[in-house]
Amino acid sequence: MSAVDAAAYIWPSYTGREPRTRIFWPEGIGEWETVREAKAKFPGHLWPRKPLRGYEEEADPGVMEGQIDLAADHGVGVFCYDWYWYDGRPFLSQCLEEGFLQARNRNRMKFYLMWANHDANYLWDRRNSDVCHDTVIWRGTVHPDDFARIGELWIGRYFSQPNYYTVQGKPLIAVYDVRNLCASFGSAAAARDAMEALDRAAKKAGLPGVHFQLIYWNERATRLKDADGRESGEAVFELPFSSATHYQFVHFTDVDRTYEEVIPDVLREWDALSERLPVPYDPHVSIGWDNNARFRSLKGNILRENTPEAVEKMLRHAKEWAEAHACPLVTVNSWNEWTEGSYLLPDDLRGYGYLDAVKRVFGSQDK
């Protein structure tokens, strides 16, 4: 294995075991329903795409045993699960709880959580996304009392797992929407206090503390707001984050180009953030971008010619950059973001091409 870990995000929607998803996908198979119904929007549009492994129930431990072996055998050493909390309880936790954590071979992989604390809307519902995808169904903000409960759950249920991913011994927790984090507490200062309280609780439980990772979109998106709505400083300078990374190329650059055209912008972004941020930046690689499966009408911003060869070049840049900057991991979008056109799992278009690319870059050295 490489000395740098490849950590692939997991979107845990490919299950019928979360009853609250029926408002988006009424057939009870999760977002596979959207993948299955996707159609090409123009000549040459690379949809539909079909998973070579079939429409797997990813909350099934037997299914996840196969995916764990597939990932580990190809150099993916870490899964980062999108983790949700809506209506005072976890949402879409079945893929992690019933699938991954019950898999007999789960110790072949490390895992950690990305708190996906964004608002939930009709983007996930192809029947309504064109006309009201911004309509909020659940808020991503939480009550401070709920955050205390969330912290207890993270520490007791996940951080204590022997294969939970750590940086310098500290369990890593990524935060997706820093503005919602601060809105939950009313200010950046109060959010900082809550994060520090979680760090103390982890230490009380016998851990070295918590490694908070900021999911960095762009400078504007991570600027905080005062009570009167005016923008103030950036979160990474005001909150106790230990590192930063990205979730998707589309968050910080124009992806309506070829993959080769995007690569220089990504490299510049890594260098700029490494110079400007007060914490280490872990380089990020996106496999692609095309979320037209979630809409009936055509949406732009399609990342074109994202061949396995082009992606391998980006992965190689990321590994070399991480080694040069002493970064422990490279984040990859993603293991299974089918409806955003950014996934490593094999399909009928690229086959095992992306996984083979990861293996050539990250699976060639011993730790």
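Structural remarks
- Subset of region 338-367 that is among the charged types (D, E, K, R) and under 18 Å from His74 (Cα atoms) - its residue that is surrounded by the fewest Cβ atoms within 10 Å (Cβ to Cβ): Asp366
- Picking from residues in region 175-208 that are of a type outside the set (Phe, Trp, Tyr), part of a loop (DSSP other than H, G, I, E, B) and surrounded by 16 or more Cβ atoms within 10 Å (Cβ to Cβ), the one that is modelled with the lowest pLDDT is Ser187.
- The one condition in (1) over 27 Å from Ile173 (Cβ atoms); (2) modelled with pLDDT under 95 that Gly363 fails to fulfil: (1)
- Matching residues in region 291-340 - criterion: being touching a residue at least 60 places away in the same chain (Cβ under 8 Å), of a type in the set (Lys, Arg) and farther than 30 Å from Gly54 by Cβ: Lys319
- Members of region 128-160 found to be farther than 18 Å from Lys170 by Cβ, touching a residue at least 24 places away in the same chain (Cβ under 8 Å) and among the hydroxyl-bearing types (Ser, Thr, Tyr), listed by number: Ser129, Thr141
So that you can scan it fast, the table gives a plain yes or no per residue for (1) of a type in the set (S, T, N, Q); (2) touching a strand residue (DSSP E or B) at 6+ places or on another chain (Cβ under 8 Å); (3) closer than 14 Å to Leu344 by Cβ:
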{"residue": "Tyr9", "(1), (2), (3)": "no, yes, yes"}
{"residue": "Ser13", "(1), (2), (3)": "yes, no, no"}
{"residue": "Arg22", "(1), (2), (3)": "no, no, no"}
{"residue": "Arg36", "(1), (2), (3)": "no, no, no"}
{"residue": "Pro48", "(1), (2), (3)": "no, no, no"}
{"residue": "Arg53", "(1), (2), (3)": "no, no, yes"}
{"residue": "Pro61", "(1), (2), (3)": "no, no, no"}
{"residue": "Val76", "(1), (2), (3)": "no, yes, yes"}
{"residue": "Trp83", "(1), (2), (3)": "no, yes, no"}
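- Scanning region 191-221 for residues that are over 30 Å from Trp270 (Cα atoms) and out of contact with any strand residue (DSSP E or B) (no Cβ under 9 Å at 6 or more places or on another chain) turns up Ala197, Arg200, Ala201, Lys203, Lys204, Ala205, Gly206.
- For the condition under 30 Å from Phe237 (Cβ atoms) and outside any loop (DSSP other than H, G, I, E, B), Glu312 does not qualify.
- Within the option set Ala357, Ala293, Ala318, being of a type in the set (A, V, I, L, M) and touching a strand residue (DSSP E or B) at 6+ places or on another chain (Cβ under 8 Å) holds for one residue only, Ala318.
- Residue match in region 34-48 (condition: in a loop (DSSP other than H, G, I, E, B), at pLDDT below 95 and of a type in the set (Phe, Trp, Tyr)): yes
- Those residues of region 129-174 which are in a helix (DSSP H, G or I), among the acidic types (Asp, Glu) and farther than 22 Å from Leu207 by Cβ, in sequence order: Asp130, Asp145
- Residue count for region 30-49, restricted to those that are farther than 12 Å from Ala293 by Cβ and touching a helix residue (DSSP H, G or I) at 6+ places or on another chain (Cβ under 8 Å): 1.
- Selection status of Ser286, free of Cβ contacts under 8 Å to residues at least 60 places away in the same chain, within 21 Å of Ala116 (Cβ to Cβ) and among the small types (Gly, Ala, Ser): yes
- One residue from Gly341, Gly300 being under 30 Å from Lys41 (Cβ atoms), modelled with pLDDT under 95 and not β-branched (Val, Ile, Thr): Gly300
- Answer residue from region 76-95, given it is in contact with a Leu (Cβ under 8 Å, 6 or more places away or on another chain) and surrounded by 18 or more Cβ atoms within 10 Å (Cβ to Cβ) and is farthest from Arg20 (Cα to Cα) among those: Val76
- Residues that are touching a residue at least 24 places away in the same chain (Cβ under 8 Å), of a type outside the set (Gly, Ala, Ser) and under 22 Å from Leu153 (Cα atoms) do not occur anywhere in region 37-53.
- Residues of region 342-367 satisfying the condition of being in contact with a Lys or Arg (Cβ under 8 Å, 6 or more places away or on another chain) and closer than 24 Å to Ser13 by Cβ: Leu345, Pro346, Asp347, Asp348, Leu349
- Val255 vs. criteria within 23 Å of the chain's Cα centre (by Cα), among the β-branched types (Val, Ile, Thr) and in a loop (DSSP other than H, G, I, E, B): yes
- From the options Phe100, Phe111, residue that is among the aromatic types (Phe, Trp, Tyr), under 23 Å from Val167 (Cα atoms) and part of a strand (DSSP E or B): Phe111
The values are calculated or read from the model by the stated rules, or taken from the named source; none is laboratory data. Since the model is a prediction, treat every value here as computed from it, not as a measurement. Using ideal geometry, Cβ is built from the backbone for each residue, glycine included, and neighbour counts are taken over all protein chains shown.
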